[in-house]
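K.L.:
One structure coming up, written as structure tokens, with questions to follow.
The values are calculated or read from the model by the stated rules, or taken from the named source; none is laboratory data. The structure displayed is predicted, hence computed values, not measured ones. Note that we place each Cβ from the backbone using ideal geometry, even for glycine, and neighbour counts take in every protein chain shown. Keep in mind that these areas ignore ligands, DNA and RNA; they rest on the heavy atoms of the full protein, side chains included. Shrake-Rupley method; radii C 1.70, N 1.55, O 1.52, S 1.80 Å.
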Amino acid sequence: MVMSEPSNITLLKEIAELLNEETDMARMLDGAIRKLLSASTFETAWIFFINEKGKHQLVAQANLPAPLEDNNCRHLQKGGCWCVKRYHDGDLEKASNIIACQRIENAMPAKARKQGSITHHATVPLQSGKEKFGLLNIAAPDTVGFSKDELALLESVAFQIGSAIKRIGLTKQEQELALVKERNRLARDLHDSVNQLLFSVTLTARGGVEMSEDPTVQETFRDIQHLTQEALNEMRALIWQLRPKGLESGLLDAIKGYGEMLGLTVETKMTGVIQLPSRIEETLFRIAQESLNNVRKHAGVNKVELYLSVTATDVLLVLRDEGRGFAFDHNVNLPSIGIQSIRDRANAEGGTADWSSEIGKGTEILVRIPY
């Protein structure tokens, strides 16, 4: 049964209101497809995001049959299919009925299907202007194909969702830009005020050593000079973390520059071509920063080896030193906040961070991040 035109208009208005109000991507997608299913003849829905390399990611689903939902939706998560391939090849421009779905066939072979199960689905690209994000797939039990009116409704909903995805993306970009501006402002303030004050204290302490003839007083001024110089180094490192200079010249140059600022020599080796998304590049830079900080504070050496390998699917960063090393139990809390920060940053990008260390034999950090 096809919904009447007034009902379709009401549904589209309700979905539009929901999309305009929501700012969280996951909740927005989930709410949109559930609203669509609740007020239409469609009964099952799922959404794929697809990157420029054709790799898909299941980001939302509703009312999936048990075989498709089994084992964390593995039939939707893994493997290829006609609709994703046609989308990546640029051959899927509008809502279309899918004649055969490899995912459904793998999850529910013909001999195991029952009356009331889904066998086919319709698919439509999610896009805003010329920018495409993925696919919205819709199915209903015992339905081989949907009517022109149903496909038209599906296209209208997909257009709304695509526009909302674009809106949320722009909002996130604005927030990230505002964060960068705030970091830059704070870095300037620290450099212009606290950094200069610490430098002045260092000079004053040096002058105190030269002006006094009392050994005790001289030693006190030397302690002040030493502590102030340490604070000055920490401040410069903090300014680097707030505003990473050098990334515009390349990730490796930025890491080497930060190491030099800490008094470390970073020897680099690289395989593959570095063409990383800016988000991944900054994550790797932050991880390298934290690792180099740990070397300066704890390793007792001034030389670090860095290995960077970039493949078609992920990037591997290895940092190795021959310093003091440390021992820790993988089953208990990590030995420092810095190491936990490295793992958190890698996990936030869907990656992993592992350590290999032994007392007196140095430390090796391995970070792998997909992109």
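K.L.:
Counting Lys and Arg as +1 and Asp and Glu as -1, what is the net charge of the other residues whose Cβ lies under 11 Å from the Cβ of LEU126?
P.N.:
Charge balance near LEU126 sits at 0.
K.L.:
Between SER212 and SER193, 0.36 nm times their residue separation minus their Cα-Cα distance comes to what?
P.N.:
Going from the current span to full extension adds 4.0 nm.
K.L.:
Right, another one. Could you rank the peptides 287-295, 355-363 by their average count of other C-beta atoms within 10 Å per residue, with the highest value first?
P.N.:
287-295, 355-363
K.L.:
Take the Cα pairs of the chain, get the Kirkwood Rh, then feed it into Stokes-Einstein at 4 °C and 1.567 mPa s and tell me D in µm²/s.
P.N.:
52 µm²/s
K.L.:
When the chain is fully extended, how far beyond the present Cα-Cα distance does VAL318 get from ASP223, taking 0.36 nm per residue of separation?
P.N.:
30.5 nm
K.L.:
GluC sites (Glu not before Pro), restricted to the stretch 1-72: which are DSSP loop and have at most 11 other Cβ atoms within 10 Å? Display every interim value, and only then the final one.
P.N.:
Working: sites: GLU14, GLU17, GLU21, GLU22, GLU43, GLU52, GLU69; in loops: GLU22, GLU43, GLU52.
Sites meeting the loop and neighbour criteria: GLU52.
K.L.:
Can you check what the net charge comes to around LYS35, using other residues whose Cβ is under 14 Å from the Cβ of LYS35 (Lys, Arg +1; Asp, Glu -1)?
P.N.:
-3
K.L.:
A follow-up question, please. Which of the residue pairs LYS78/LYS269; LYS85/LYS148; LYS35/LYS148; LYS85/LYS166; LYS172/LYS297 have a Cα-Cα distance greater than 32 Å in the structure shown?
P.N.:
Checking Cα-Cα distances, LYS78/LYS269; LYS172/LYS297 exceed 32 Å.
K.L.:
Rounded to the nearest 10 degrees, what's the angle between the helix 195-211 long axis and the longest principal axis of the chain, both from Cα atoms, 0 to 90?
P.N.:
Between the helix axis and the principal axis of the chain, the angle is about 10 degrees.
K.L.:
Ignoring ligands and nucleic acids, what accessible area does VAL266 show with a 1.4 Å probe (Å², nearest 10)?
P.N.:
Its heavy atoms expose roughly 10 Å² to the probe.
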